[in-house]
Amino acid sequence: MKVSSTARSYNRVSISPKALRHNFRIIQKKAGVAVLAMVKADGYGHDMARAAEVFAAAGCKTFGVAEIDEAVTLRKAGIRGEILIMLGFMHEHVNLVLQYDLTPVVFRIETAECLANAAVKAGRRIGIHLKVDSGMSRLGLLPEQVDAFLDRMCSLPSLYLAGIVSHFSQADDPDSDNTGKSYDSYTAMCDRINARCDGIRHIANSGGVFNFPETCGDMVRPGISLYGYYPDGEEGRRRAMGEKLLPAMSFTTQVLQVKTVPAGAGVSYGHTYITPAAARLAILPVGYEDGYLRSLSNRGEVLIRGRRAPIRGRICMNMCMADISDIEGVMPGDEVVVLGRQGQELITADEIAAWAGTISYEVLCLIGNNNERTYINEEI
Ligand SMILES: *Cc1c(COP(=O)(O)O)cnc(C)c1O
């Protein structure tokens with residue numbers, strides 16, 4: 001849990017700046033173009049401001065967030081690069097765009113008009129990135145809406161087009177032909193737009209960078225890979241050639257209590273686990289409030305004394321039980337690794353995600369954003 005007083009929680013998320021830097025460099029080398037670091041969702045759980053600081057020190061000049069409040073937070077934390085607000089902004093906040101020198105992604109004519117008015121009043125010109133939809137049916141103008149937008153934008157001299165954005169829906173799958181189709185649709189729109197005005201092209205997420213490098217354009221927008229994970233999970237890690245990405249987050253807690261229960265004991269709410277024989281359990285202060293999903297009930301594993309201990313019964317709000325029948329000498333206070341390495345063993349966010357039926361992205365956001373975080377002091 002996240003605590004704000006002077007007392008600490010049993011639970012601790014540790015982030016390795018060395019791993020973040022390593023990942024940024026690998027991506028930069030692989031893409032060979034400018035890298036926009038996606039730090040939305042509080043840096044995928046890695047503390048947006050501190051992660052952005054690490055990327056900036058490694059040479060990153062552009063950052064991406066979802067909403068304007070995150071962008072203001074980054075500025076206040078001293079980040080000086082360009083900050084793209086991927087979801088645009090509510091028009092009542094237009095002055096914040098100017099005040100904090102932010103770069104909005106725009107997908108409606110009305111937003112362009114609102115920005116143009118504010119820019120005129122301030123005696124400035126604002127660069128925008130136009131969002132187009134190349135087949136995901138998410139945010140952005142459809143191909144047939146692009147010309148009308150450009151007609152209007154070109155009549156607003158206080159605005160200029162800085163970039164053209166789209167997004168892939170299946171770049172995590174190297175075998176899908178969807179990415180090629182989406183890229184062709186995007187390129188056709190870009191050609192039409194760039195015939196009328198400049199604007200850099202960027203569409204590639206992590207999947208684009210690693211699986212479809214020909215789509216890297218003028219800039220890439222990796223998220224998950226910066227934090228050490230491949231968009232297609234362990235499959236991607238196996239396939240990766242050369243230096244591999246390094247997971248930056250680990251999550252540790254400690255044993256609260258150790259007890260031996262007899263055969264036939266029901267464990268946790270609903271007794272969804274009944275011990276087949278006498279069992280030794282470690283009670284852990286980790287639950288779904290800490291981002292350890294309830295769907296990990298009877299599925300998850302944690303590391304204690306360098307060994308894997310399976311979760312028994314339901315995950316509670318603030319606790320869960322691990323079976324330590326096969327692990328000698330476990331004591332209250334022993335370190336437990338929920339995510340990360342202990343001795344020779346390693347639990348990755350991909351492994352937790354597979355147990356819970358989700359993806360590493362969600363595991364990192366939930367664990368990172370619901371616990372105290374520490375950046376490890378290490379030689380960089
Ligand atoms: C989140 C996001 C990204 C990064 O995607 P990853 O799969 O994490 O690399 C890039 N672009 C947009 C628009 C996004 O929303």
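The values are calculated or read from the model by the stated rules, or taken from the named source; none is laboratory data. The model shown is predicted, which means the values in this text are computed figures rather than measured ones. Cβ coordinates were reconstructed from backbone atoms using ideal geometry, including for glycine residues, and neighbour counts include every protein chain displayed.
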Within region 74-125, the residues that are more than 21 Å from the chain's Cα centre (by Cα), closer than 20 Å to residue 37 by Cα and among the hydroxyl-bearing types (Ser, Thr, Tyr) are 100
Go through region 130-184 and give me each residue that's among the polar types (S, T, N, Q) and either away from the ligand (no atom under 16 Å from the Cβ) or outside the structural domain of residue 203 (by TED's automatic domain parsing) (or both).
-> 145, 155, 158
How many of the residues making up region 211-230 are more than 9 Å from the ligand (Cβ to nearest atom) and touching a helix residue (DSSP H, G or I) at 6+ places or on another chain (Cβ under 9 Å)?
-> 10
Could you tell me whether any residue of region 324-338 is of a type in the set (Ser, Thr, Tyr), modelled with pLDDT of 95 or more and within 22 Å of residue 364 (Cα to Cα)?
-> no
Do we find that residue 273 is among the aromatic types (Phe, Trp, Tyr) and either closer than 24 Å to residue 40 by Cα or buried (at least 20 other Cβ atoms within 10 Å of the Cβ) (or both) in this structure?
-> yes
Per the filter on region 83-95, residues buried (at least 19 other Cβ atoms within 10 Å of the Cβ) and either in contact with a strand residue (DSSP E or B) (Cβ under 8 Å, 6 or more places away or on another chain) or under 27 Å from residue 57 (Cβ atoms) (or both) are 83, 84, 85, 86, 88, 89
